[in-house]
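S.K.: Below is a structure I'd like to ask you about.
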Amino acid sequence: MKYSKLAVKILEYEGREIYYDPVYHGRNLKIFGIDNDPTKVIEYIGDRFVEKEYELVFFDTRGKYPKEKFDTIVKIEDNKPTGLDPIKMAKEDILNDLYTAATIIQTIYGLDRSLTDKLYSDILTGKIKSVPEAAVSKEKYGEVIRETYTTLDEVFFKGEAPELGKSILVDFGSAHSITLVGMAFLILAAAVRDRRNSLIAIDDAAVLFYTTPGSAAIPLLIQPMRGRVTLLGTRYVVENLLNTPGPTLVLYNDPDMQSMIYEANGVPQGAMRKHVLKGEGAFVWRTTQTLEVEFGKLLI
């Protein structure tokens, strides 16, 4: 079989090389495993894409990725300024436009459409220049924002917006507030959503899927786009990831977890559901007519 220039060798079996090709198999690869296995596989694939002159954008919930591979490090911590104010970022052209900023605030604080439109109008006219200003506004949207707005939010939006270079590591490893993590993930996902020639890695994807802002961010990064590949690594076998389109790499896990993954991918019971041992992988992918499962040894 002839692969594209983006193909990466991921497994070996009895002298045969098994490749993941985003062009042929799908541009979103889900990686299910335990311990550091998904992280190691993502790092390995990332290195291969660097060789292909792709930029890396990694969202890291565990703080495990080597920082020297990235020219921008965005570290998210509780009660520390991040500069990730979507209104200011839109004015600095880090986000596409001011309406994107308004919809981010809508998602984070649960504004309805009419309140979002009013907020957008006030942002356009310069009445509101930041999220903290929106939070203290006497308008109805300010009242709704204040229902969940905390001092952690206040500090979060302070500071200068980060300059996002070619390769970005977003380090959530020191953050304890899943709310802040979800907010940062959505804002930064919106900032990089249109990048081409990029490998985006989300680890742990199930953790980042957990909040409303996080679940809104994932679709921005998995929409098929030429010149972009997305890796979704996780240690949790959860429905929202199982139902995400794209091929799956099954790593070592408990038998019932492997069974759930096979079941979600439509793999029939029998020989195609081979138990994956430590150091092995099962690559599950579809064409328009067939379902394929390829087994082999990992290259990490």
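Read-outs throughout are calculated quantities, based only on the coordinates presented, and are distinct from any laboratory measurement. Being a predicted model, the structure only gives us computed values, none of them experimental. Counting neighbours? That spans all protein chains shown, and the Cβs are built from the backbone with ideal geometry, glycine included.
S.K.: Summing Lys, Arg as +1 and Asp, Glu as -1, what charge do residues with Cβ under 13 Å from the Cβ of Val131 carry, Val131 excluded?
M.R.: Residues close to Val131 contribute a combined charge of 0.
S.K.: Output the peptides 94-100, 285-291, 207-213 sorted from most to least packed, where packing is the average of other Cβ atoms within 10 Å over each peptide's residues.
M.R.: 207-213, 94-100, 285-291
S.K.: Turning to a different aspect of this structure: Can you pull the one-decimal nm distance between simple spin-label points at Ala271 and Lys297, each 7 Å off the Cα toward Cβ?
M.R.: Placing both labels 7 Å along Cα→Cβ, they lie 2.2 nm apart.
S.K.: With a sphere of radius 15 Å drawn around the Cβ of Tyr236, what net charge do the other residues whose Cβ falls strictly inside it have (Lys, Arg +1; Asp, Glu -1)?
M.R.: Residues near Tyr236 contribute -4 overall.
S.K.: Follow-up. Among the lysines, which fall within straight-line cross-link reach of Lys30, defined as a Cα-Cα distance under 16 Å, with same-chain neighbours fewer than 8 residues apart omitted?
M.R.: Filter leaves Lys9, Lys40.
S.K.: With Cβ to Cβ distances under 15 Å as the rule, what net charge do the other residues near Arg62 carry (K, R +1; D, E -1)?
M.R.: Taking every Cβ under 15 Å from that of Arg62, the sum is -3.
S.K.: Ordered by packing density, taken as the mean number of other Cβ atoms within 10 Å over each peptide's residues, highest first, how do 66-75, 149-158 rank?
M.R.: 149-158, 66-75
S.K.: Right, something else. Using packing as a proxy for protection, rank 219-231, 257-269, 189-201 so that the peptide with the highest average count of other Cβ atoms within 10 Å comes first.
M.R.: With the highest mean Cβ count within 10 Å placed first, the list reads 189-201, 219-231, 257-269.
S.K.: Obtain the nm distance between the two label points defined at Thr72 and Val136 by a simple spin-label model: each point lies 7 Å from its Cα along the Cα-to-C-beta direction.
M.R.: Calculated label separation equals 2.9 nm.
S.K.: To the nearest 10 degrees, how steep is helix 37-51 against the longest Cα principal axis of the chain, on a 0 to 90 scale?
M.R.: On a 0 to 90 degree scale, this one is about 90.
S.K.: While we're on this one: So what's the back-of-envelope 222 nm ellipticity for the chain, counting only DSSP H runs of four-plus at -39500 (n - 2.57) apiece and dividing by all residues, rounded to 500?
M.R.: Value at 222 nm, helices only, nearest 500: -10000 deg cm²/dmol.
S.K.: Sequence gap of 8 or more, or different chains, plus Cα separation below 16 Å: how many lysine pairs satisfy both in segment 86-156?
M.R.: Close lysine pairs under the 16 Å cut-off: 11.
S.K.: What fraction of the DSSP beta bridges in the chain is antiparallel, stated in percent and rounded to the nearest 5?
M.R.: The answer is about 40 percent antiparallel.
S.K.: For the residue pair Gln289 and Glu53, what label-to-label distance in nm results when each label sits 7 Å from Cα along the Cα-to-beta-carbon direction?
M.R.: 3.7 nm
S.K.: Percent relative contact order of the chain, based on C-alpha pairs within less than 8 angstrom and at least six residues apart?
M.R.: Result for the chain is 28 percent.
S.K.: Same structure, new question: Relative to the longest principal axis of the C-alpha atoms of the chain, give the angle of the C-alpha long axis of helix 113-124, reported between 0 and 90° and rounded to the nearest 10°.
M.R.: 70 degrees
S.K.: How many angstrom separate the Cα center of segment 167-233 from the Cα center of segment 1-33?
M.R.: Computed from Cα coordinates, the inter-centre distance equals 22 Å.
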